[in-house]
Every structure is written in structure tokens, then in C-alpha cells.
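The values are calculated or read from the model by the stated rules, or taken from the named source; none is laboratory data. Given the structure is predicted, the values throughout are model-derived calculations rather than measurements. Note: ideal-geometry Cβ built from the backbone for every residue, glycine included; neighbour counts use all protein chains shown.
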Amino acid sequence: MSTELSQSSEMTHSQRRLNTVLAGPDPESPRRALSERPSYAIVPEHKVTIEQADAAVDLLEPIKDENRMCVEYTHVSANVPASFAAPGIFPGLSLPKFGKKAKQESGPKMRRILYDITGCCKPGEVLALMGPSGSGKTSLLSIIGDRAQSHMKREGTITFNGEPATKGLKRHIGFVMQDDLLYESLTVWEVLYYAAMLRLPRTMSHEAKKERVATVIRALGIWTCRDTIIGGFFRKGISGGERKRVSIGHELLINPSVLLLDEPTSGLDSTTAMHVLEILRQLAEGGRAIITTIHQPSSRLFQTLDKLLLLSQGHALYYGRAQLADEYFDRLGYQLPYRVNVADFILDLASADFLIRASERYLARHTIDGYSGGDTAGAELAAARDYAADESADAAASKDGKGSFRILFIRAVRTRRFQTLSAQDIIQYVIVGLLTGCFWWQRGGHDTLAASQDTLALVCGAAAGLLFFELMFLTFRSMFTALFTFPEEYKMLLKERASGMYRLSAFYFARTASDLPMDFAVPTIFIVIIYFMAHLRYTAEAFFGNFFTVILMGLVAQGFGLLLGTVCMNPKTAQTIASIVVLAFTLVGGYFVRGIPAWIGWIRYLSFIYYGFGMLLHIEYQGRTIYSCVDPNTAASSGAMSVQVRLLILCYSLLFLQVGEPKARGHRAYTSAATSAGPTAACSLVVIHILMSLEFQVLGHSFCVLYVHALLSEPE
Ligand SMILES: Nc1ncnc2c1ncn2[C@@H]1O[C@H](COP(=O)(O)OP(=O)(O)OP(=O)(O)O)[C@@H](O)[C@H]1O
């Protein structure tokens with residue numbers, strides 16, 4: 001009996017709970033068992049889930065004594081601009097203002113949102129920040145975690161073991177944001193695996209990193225859904241509680257000494273919220289300092305908290321042991337009514353103005369339970385190790401551009417698994433390709449002009465329209481898809497960079513490069529279908545010339561899309577601007593409008609469509625003679641295309657020295673515009689040269705803009 005007792009006293013809370021749930025009815029007392037049997041049956045699978053969920057938290061190794069950290073925030077105040085400044089069309093790219101206007105705008109009116117808040121959280125404690133909406137919980141948490149936005153002006157000090165946070169030390173702080181920013185198309189395992197590869201030191205082996213991921217997944221009780229995608233609005237994935245645990249797991253990978261969480265229980269039912277809080281409780285027992293904001297805890301949840309900081313309109317109303325809060329307000333003259341949840345009661349009180357003054361007066365005279373903020377950090381933890389030296393190695397590993405690039409590249413390819421290679425996309429390309437092929441069925445091979453309404457087709461042959469459509473379809477698609485790339489991933493980028501996971505350039509190049517294989521793969525289907533159905537020129541040179549020109553044009557369009565998306569950061573604004581730009585580029589592209597007045601005709605030289613279309617015509621018709629069945633005067637009016645390509649060739653003639661002379665064949669034979677262009681190879685190189693330089697310029701610009709945005713948005 002005594003052995004049983006001692007065994008039970010050694011049991012953890014979770015084991016006891018597990019035993020209670022799993023214990024079946026007493027076999028020796030069937031009558032009692034019947035009466036006490038719960039009305040539901042526990043199926044074996046359920047047992048497994050509970051076992052995994054509860055037992056596993058113990059798997060996480062506790063924080064070593066020398067790594068434990070005490071967080072202190074002393075006299076913290078914060079101000080934000082009182083009025084909202086509209087970001088404009090290009091946020092972050094506003095021009096500097098001078099003169100009177102600059103003077104007027106130099107000092108925006110500020111609003112105080114936090115007033116002189118002091119306190120601390122020791123290793124092993126869960127400190128809850130509570131208060132009504134807008135009381136300043138998130139602001140205080142983000143100041144402690146150094147995630148506050150740059151326009152928030154802060155005063156006071158934040159220290160860890162009495163020292164201000166160094167870069168290395170910050171890497172021991174986990175920050176779980178309110179919104180679970182996770183890649184929706186990755187599985188739970190993948191999210192944590194890539195995070196581990198990016199965050200854990202390079203000195204750690206690959207196997208050890210995988211082991212760590214598995215441990216964290218087990219610890220959080222999400223092992224059963226490890227291969228389920230995160231999911232989002234369009235694709236159902238894991239549940240809200242599981243999402244939250246994945247977000248916590250993301251931070252637990254680095255085994256942080258301090259874990260900050262913004263509303264980890266919001267949106268969860270009370271049982272799941274309780275489970276999350278239990279996990280936090282157990283994490284704290286492992287020597288971590290846990291600071292979490294909580295909106296409206298149930299009484300059960302409130303019982304698990306160690307310390308409480310109650311805020312009201314930025315003022316501290318109460319700071320001390322959570323379980324003494326009702327007693328404190330009782331002393332102030334506000335008695336907890338019978339059968340009312342303490343958390344509800346104090347939140348109601350925190351919503352009342354008059355209490356702020358009463359509480360401040362009281363706090364000035366008393367300290368609650370000995371917590372006065374400044375006294376705890378020093379003595380017992382003064383000898384705590386300074387991690388800066390250790391961490392510089394880790395930081396170097398994670399900031400290593402090459403290592404990060406590879407992992408980010410693979411992750412970026414995987415995150416697009418539902419986007420580019422989806423069945424709908426392939427079907428769309430195939431159907432449009434087949435329709436287009438039918439409309440231009442075997443017309444590309446004709447050397448006789450079709451009776452067509454547009455003059456350009458008369459000059460360049462029946463397939464000019466097809467070539468233009470081929471170009472338009474693929475470039476439009478690339479550009480409009482690219483508009484959303486950075487705005488969608490921007491928050492994720494900021495979050496991950498705040499954790500020091502990689503360089504901005506590694507993210508940018510990995511994201512851009514990961515698009516390439518996909519952007520080649522699907523359009524290829526379209527190009528192959530139309531090329532052979534329409535019987536465009538059947539030579540290998542012409543086929544690959546056409547193929548690479550269209551693909552390159554797609555990349556240029558994508559570059560423009562990225563640039564516009566990055567500059568605007570608002571997909572709707574970017575879409576509006578992109579529509580205007582693309583329409584203008586299309587109109588001057590050489591197919592629709594002829595004889596554009598000179599004062600505006602220069603726009604064509606900005607249009608990548610103009611160059612691409614000229615190139616496609618050249619590839620298809622170079623060296624071929626087109627015979628007209630109509631009045632030659634009509635064709636004469638279409639000489640501009642010839643001039644256009646000639647200009648292009650002339651510009652580069654010095655480079656290639658292979659300019660061919662047009663060969664007139666009398667009044668019934670007209671040389672196509674492209675015939676005069678010289679050898680295909682030279683021209684291909686010219687255009688590829690132009691497009692590539694354009695592409696790199698555009699990409700370079702979008703990187704610069706992204707960099708400016710990131711600088712402006714990241715906390716100081
Ligand atoms: N970056 C900011 N710019 C302008 N105002 C801000 C900013 N951050 C916070 N505020 C203001 O500061 C006050 C406190 O906001 P905070 O988000 O910290 O409150 P909260 O207690 O976390 O609220 P909730 O529980 O609703 O999330 C609010 O009035 C808010 O409008």
C-alpha cells in the first residue's frame with residue numbers, strides 16, 4: 001500500500017489524469033462499475049491520442065540551470081501616433097518633404113498606450129498579461145520581445161538576467177504571434193522540419209534536427225496529424241488548436257529559455273485552451289519563463305496561472321500572484337460576488353476608469369506578494385551565463401546565405417505544390433492550347449496571306465495573330481500571378497527574419513528561383529500544342545527560338561509583376577496599375593495599333609511585348625516570302641513593323657555583324673518584316689540579351705523595394 005502511495009506521489013499530474021481517464025471499472029465490483037461507468041465508451045484510438053498528447057511534453061529537455069533567464073521590464077511606457085497616416089499608393093516609398101509642410105508634419109501627435117509598467121517573470125513561472133481589449137497587452141509583449149513596430153516610441157528597460165538583450169540572447173526567446181502565420185500548403189512535419197533546418201545551428205547533424213522535430217511534434221500531441229497540411233480558407237487542414245500548437249512548436253524547436261505568446265488560447269474551445277495552457281504550465285516547469293497574453297480565461301484556466309499583470313488603458317491595475325487577485329480587489333473594496341469567475345470579475349473591474357486611480361494609489365503604498373519588479377533578477381541569477389559567445393556561432397550558421405538558400409528554395413517549391421502544378425492549371429493550359437490550335441489549324445505553314453481584317457496579318461502571314469496571342473496569354477498570366485507573391489509572404493518574411501532565420505537576399509533569390517522550374521513546366525504544354533496544331537515553322541531552330549522567346553517574355557512579365565507587387569504591397573492597387581501598364585504595352589506591342597504619333601510612340605520601346613512579338617515574327621517568317629492576293633498598297637502601309645525590327649537589328653548590328661538585306665520580289669511579292677532581319681541566331685541573341693538585362697534590372701529593383709519595406713517594417 002505504502003509503495004502504491006509513494007508511486008502515486010511521484011506521478012506527474014498528466015499521468016494521474018491519464019490513469020483516471022483510462023482506468024476501467026473495477027472488475028471485482030460489476031454492480032458499482034455499471035453505475036459509475038461513463039455514458040461514453042473509450043475506444044482504443046482515443047487512448048492512444050491521450051497517451052501521446054499528455055506523456056510527450058516530458059520529452060522536451062528542461063532548460064539547464066545556467067541557461068535559465070529572468071525577464072524584467074522596468075518603467076516601460078509607450079506612445080504611438082495619435083492619428084493614422086494613409087500609406088499612399090507606394091507605402092514606404094514616399095518622397096521627403098521640405099519647407100513649411102515638412103515643419104508642420106515633423107512632430108505627429110502621439111498617444112500614450114503604456115504607463116510606467118514594471119515587473120518580471122522568473123524561470124518556471126507563467127505570467128499572464130490580462131486586460132480588456134486595447135489595454136496594451138500585445139504592445140507590452142511586443143516591447144518585451146523586441147517586436148514592436150518602429151513607429152512605436154518606447155521608454156524604460158527590458159533586461160534578461162539583468163542584461164539588455166543582445167542579438168545572440170534574443171535567439172533564446174521564442175515569440176508566438178496571435179495570428180498563426182504558417183505556410184498553408186505544407187504539412188505539420190514540413191513546417192517544423194524546414195524551420196528546424198533554418199533555425200538550428202549548422203553544427204547540429206541532420207539526423208539530430210529531425211529527431212528534434214519529432215520530439216517537438218510528440219511533445220505537443222500533434223503526432224497523429226504530422227502529415228496533414230496546415231490548410232486555410234480554401235483547403236481544410238488541421239484544427240485551430242493544432243495550428244496553435246504548431247506555432248508553439250515552431251518556437252520550441254530552439255528550446256527557448258523565454259517564451260512569449262500573444263493570445264495562444266483565443267478562438268479555441270475551453271478544453272483545447274486548457275490543453276494549450278497545460279502545455280505552457282509544463283514548459284514552465286522545465287525552467288522556462290513564459291509570458292502570455294490572455295483575453296478571457298475560464299476559471300479553470302485562471303487557476304493554472306502563476307502571476308498576473310492586469311492592465312487597463314495602459315496602466316497596471318494589479319501585478320502579483322494570480323490567485324491573490326480577488327483578495328487584492330477585496331482590500332480595495334470590490335468583493336468577488338458569489339459564483340462569479342475571478343477572471344471575469346477582474347476584467348469587469350479593469351474596464352472601469354475610476355479603478356486605475358484607486359489601484360495606482362494602493363500600489364504605491366504596497367507591493368503584492370513581494371513582487372516589486374526590480375529585486376528578483378539580480379542575486380540568484382546574477383551568475384547566469386552570458387550566451388553571446390555561443391550564439392555568435394549559431395547566428396553565423398543560420399545567416400549563412402548558401403545553406404539557407406537551398407532550404408528556402410525547396411520549401412518555396414513545396415509551398416507552391418497546389419498553385420502551379422495543380423490539375424486545374426494543367427487543364428486550363430491544355431484546353432486553351434487545343435482551342436487556339438483549332439482556330440489556327442495548320443495556318444502557320446501558308447505562305448499566302450489569308451484574307452484578314454488586320455493589316456499586320458497581311459504583311460506577316462496568317463499566324464501573326466496566333467503568335468501575338470501566344471505571347472499575351474503567357475505573359476499576362478505570369479505577371480498577374482507574380483503580383484501576389486511578396487504581399488502574401490511579407491508577414492511571414494518579417495516573422496521569420498525577426499527570429500534571425502535567414503538573410504533577406506536568401507529569401508528573395510530562393511523565392512524567385514523556385515518559380516523558374518514551374519514557370520517552364522506548364523507553359524511548355526501550351527506552346528507544344530499550339531505549335532504543332534497550327535503548323536508553325538517545322539525546324540528545330542524555329543521551335544526552340546519560339547519556345548525560349550515566349551518563356552523569357554513570361555519571366556520578364558513576372559519580373560514586372562514582382563516589382564509592382566512589391567512597390568504597392570496592396571494586391572488591389574498593384575492589379576489596377578498592372579492592368580494599365582499591360583494594356584498600354586499590348587497596344588503598342590506591334591499588333592493592334594499602327595502609325596502611332598511620334599510624341600507617344602516612344603512608349604513601344606518600353607514594352608517588352610513589342611520586342612517579344614518582333615522576335616516571334618522574325619523566327620517564324622525570316623527568309624520566307626509571303627505572297628499577297630490583295631492590293632499591294634495595303635501592304636505598303638504596314639511597313640512600320642519592318643522598321644521596328646530593323647531598328648532592333650541595327651542597334652545590335654555592331655555586335656553581330658550579320659544584317660541581311662531585304663530582297664524585294666516585285667510588286668506582287670512582299671518580303672515579310674522579319675525577312676529583312678538577318679540570321680535567326682543573331683537576332684535571337686539580341687532579343688535574349690535585351691530580355692535578360694530587362695529581367696535582371698526589374699528583379700533587382702523589386703529586391704531593393706522589398707529591402708526598403710523590410711527595413712521600414714522591422715522593429716528597431
Ligand atoms: N502600432 C500601433 N500604431 C497605432 N496604435 C497602436 C499600435 N499598437 C497598438 N496601438 C494602440 O494601442 C492600444 C493598445 O493596443 P494593444 O494591441 O496592445 O491592445 P490589446 O490589449 O492587446 O488589445 P486586444 O486584446 O484587443 O488585442 C490600442 O488602443 C491600439 O489602438
Selection over region 294-315 where residues are within 13 Å of the ligand (Cβ to nearest atom) and within 18 Å of HIS75 (Cα to Cα) yields a count of 7
When restricted to PHE526, PHE560, the only residue in contact (Cβ under 8 Å) with a residue 12 or more places away in the chain, crowded, with 20+ Cβ neighbours inside 10 Å and in contact with a Phe, Trp or Tyr (Cβ under 6 Å, 6 or more places away or on another chain) is PHE526
Taking ARG406 as the residue in question, decide whether it is surrounded by fewer than 17 Cβ atoms within 10 Å (Cβ to Cβ), at pLDDT 60 or above, of a type in the set (Lys, Arg) and not in a helix (DSSP H, G or I). no
Within region 497-509, residues surrounded by fewer than 21 Cβ atoms within 10 Å (Cβ to Cβ) and within 17 Å of VAL413 (Cβ to Cβ) come out as PHE509
Item to check | Meets criteria (in a helix (DSSP H, G or I) and of a type outside the set (Phe, Trp, Tyr)) for MET197 | outcome: yes
Of MET69, MET130, the only residue that is away from the ligand (no atom under 16 Å from the Cβ) and modelled with pLDDT of 85 or more is MET69
Within region 146-166, the residues that are of a type in the set (S, T, N, Q) and within 12 Å of the ligand (Cβ to nearest atom) are GLN149, SER150
Of the candidates ILE117, ILE113, ILE143, the one satisfying the condition of being touching a Lys or Arg at 6+ places or on another chain (Cβ under 7 Å), within 15 Å of the ligand (Cβ to nearest atom) and on the phi < 0 side of the Ramachandran plot is ILE143
Note on LYS137: of the conditions (1) at pLDDT 90 or above; (2) out of contact with any Gly (no Cβ under 8 Å at 6 or more places or on another chain); (3) within 16 Å of the ligand (Cβ to nearest atom), unmet is (2)
Only one of GLY240, GLY232, GLY249 is more than 17 Å from HIS275 (Cα to Cα), outside the structural domain of LEU280 (by TED's automatic domain parsing) and within 21 Å of the chain's Cα centre (by Cα), namely GLY232
Could you go through region 219-232 and let me know if any residue there is among the acidic types (Asp, Glu), out of contact with any His (no Cβ under 7 Å at 6 or more places or on another chain), surrounded by fewer than 19 Cβ atoms within 10 Å (Cβ to Cβ) and more than 25 Å from PRO62 (Cβ to Cβ). yes
If we keep only residues of region 252-293 that are among the β-branched types (Val, Ile, Thr) and at pLDDT 90 or above, then the residue nearest to the ligand (Cβ to nearest atom) is THR293
